[in-house]
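Contents: one structure, followed by commentary.
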Amino acid sequence: MSKAASSRVIVRRGPEKGRYDRETINAILDRALVAHVAFATSDHEIYCIPTLFARVGDKIYIHGSKASRTLRALAAGAPSCVTVTVLDGLVLARSAFEHSANYESVMALGRFTAVDDDDERLAALEAFTETLLPGRWSEVRQPSRKELKTTSILSMPISEAAAKVRSGPPDDDDTPDAEIETWAGAVPLEMSFGTPVPSPGLRDGIAMSESVRRLLDAGPARMRS
Ligand SMILES: Cc1cc2nc3c(=O)[nH]c(=O)nc-3n(C[C@H](O)[C@H](O)[C@H](O)COP(=O)(O)OP(=O)(O)OC[C@H]3O[C@@H](n4cnc5c(N)ncnc54)[C@H](O)[C@@H]3O)c2cc1C
C-alpha cells in the first residue's frame, strides 16, 4: 500500500479508509466536477471557494477571471487546500450514532502558480471543457486571443494528497444493535442529467450535440457530484 506523502495528509480518524496511491486519488478527482479551494488572504481572512477544475496528469487546474480575488490570492502563492467529494449514498444503521455516508474524497495541499505557457493554457482550457462534457471541445468555437488573455489559469501539483473512501453497509451488523427491529443498510445515491433545455436563442433546426446525446445515453452511471 502506498504511503502518505507527508505527515500532514495521513488519515488519522478511520485510517483504514485512507488511500495514498495516485491511481485512487486520480480516479476520485476525475469523478468529481466541483472542488473546494481553501486559502488565506494576505489579511489572514480564510475563504473556501467552490470551483470547477480539471486534472491533467499530476496537476489540478482551476481558472477564472483575472479580476477574481481568489485567483489573485492563489497566484500570489497563498498556501491552499483543495478538496473534492463524491457522495455515493446514505448509510443507515440501527442506532443514530452509526449513521454515515458512503463517499470518495480527496484532499490535496500545495500552492497554485499561474500558467503562462500558451500551449499549457490551451490544453488546460480543453481539459476544463472535456471534464465538463467529454467530446464538447471539438464541437465548439475555440477560445479567442482576447478570451485567453482575460482568463487566469492556475495549476497545483498533486504531490501532497490523500484520499478517503467509505463504502458498504453500516458498521452495526455484528453488534448487539443487530437485534433491533429497524431496517438498516445502504441507499446508493445516483444523480442523472435531466431533459436538455435548448437555449432560447438557439436557431431552429440545430440538432442536439453528439456529446450531449452520449451524456444522456450513459445514464446515471456517469454520475458526478
Ligand atoms: C459549482 C461552481 C462552480 C464554479 N466554477 C468557477 C470557476 O470555474 N471559475 C471561477 O472563477 N469561479 C467559479 N465559481 C464561482 C466561485 O465560487 C467564486 O464565486 C468566484 O471564483 C469569485 O471568487 P472571488 O473570490 O473573486 O469572489 P468575490 O466576489 O470577491 O467574493 C466576495 C464574497 O462573496 C461571497 N461569495 C463568493 N463566491 C461565492 C459562492 N460561490 N457562493 C456563495 N458566496 C460566494 C463570499 O462571501 C465572498 O467572501 C463556481 C461556483 C460554483 C458554485
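Scanning the range 45-102 for residues that are of a type in the set (G, A, S) and under 30 Å from A178 (Cβ atoms), we see that the one that is farthest from the ligand (Cβ to nearest atom) is S95.
Picking from residues in the range 128-181 that are closer than 21 Å to K66 by Cβ and among the polar types (S, T, N, Q), the one that is farthest from the chain's Cα centre (by Cα) is S144.
Screening D30 against (1) within 16 Å of the ligand (Cβ to nearest atom); (2) within 13 Å of the chain's Cα centre (by Cα) leaves a single unmet condition, (1).
Residues in the range 81-126 that are over 26 Å from S7 (Cα atoms), outside any strand (DSSP E or B) and of a type outside the set (D, E, K, R): A93, S95, A96, F97, H99, V115, L122, A123, A124, L125.
Looking across the range 120-162, the residues that are away from the ligand (no atom under 16 Å from the Cβ) and closer than 26 Å to A73 by Cβ come down to E120, L122, A123, K146, P157, I158, S159, E160, A161, A162.
Residues that are farther than 17 Å from L87 by Cβ and surrounded by fewer than 20 Cβ atoms within 10 Å (Cβ to Cβ) within the range 25-39 comprise N26, A38, listed in sequence order. Among the residues of the range 52-77, the ones that are in contact with a helix residue (DSSP H, G or I) (Cβ under 7 Å, 6 or more places away or on another chain) and of a type in the set (K, R) come to 2 in all. Tell me, which residue of the range 124-141 that is more than 18 Å from N26 (Cα to Cα) and in contact (Cβ under 8 Å) with a residue 12 or more places away in the chain is surrounded by the most Cβ atoms within 10 Å (Cβ to Cβ)? Looking at the filtered set, the residue picked out is L125.
Being at pLDDT 95 or above and either surrounded by 13 or more Cβ atoms within 10 Å (Cβ to Cβ) or assigned to a helix (DSSP H, G or I) (or both) is the requirement here; does E16 meet it? Outline the logic, then answer.
Details: at pLDDT 95 or above: no; either surrounded by 13 or more Cβ atoms within 10 Å (Cβ to Cβ) or assigned to a helix (DSSP H, G or I) (or both): yes.
So E16 does not fit the description; no.
The set of residues in the range 22-50 that are assigned to a loop (DSSP other than H, G, I, E, B) and touching a Lys or Arg at 6+ places or on another chain (Cβ under 9 Å) comprises A32, L33, T41.
Conditions first: (1) buried (at least 17 other Cβ atoms within 10 Å of the Cβ); (2) more than 21 Å from the chain's Cα centre (by Cα); (3) of a type in the set (D, E, K, R); (4) more than 28 Å from P169 (Cα to Cα). R94 passes all but one, so which condition is the exception? Tallying (1) buried (at least 17 other Cβ atoms within 10 Å of the Cβ); (2) more than 21 Å from the chain's Cα centre (by Cα); (3) of a type in the set (D, E, K, R); (4) more than 28 Å from P169 (Cα to Cα), R94 fails exactly one: (4).
For the range 170-204, a residue qualifies if it is touching a strand residue (DSSP E or B) at 6+ places or on another chain (Cβ under 7 Å) and surrounded by 14 or more Cβ atoms within 10 Å (Cβ to Cβ), and the qualifying residues are P170, A184, A186, L189.
Considering only residues in the range 143-174 that are among the hydroxyl-bearing types (S, T, Y) and touching a residue at least 24 places away in the same chain (Cβ under 8 Å), the one that is farthest from R121 (Cα to Cα) turns out to be S167. Considering only the range 134-163, state which residues are outside any strand (DSSP E or B) and touching a Leu at 6+ places or on another chain (Cβ under 6 Å). Matches in the range 134-163: P143 only.
The values are calculated or read from the model by the stated rules, or taken from the named source; none is laboratory data. Since this is a predicted model, take the numbers as computed values, not measurements. Cβ coordinates were reconstructed from backbone atoms using ideal geometry, including for glycine residues, and neighbour counts include every protein chain displayed.
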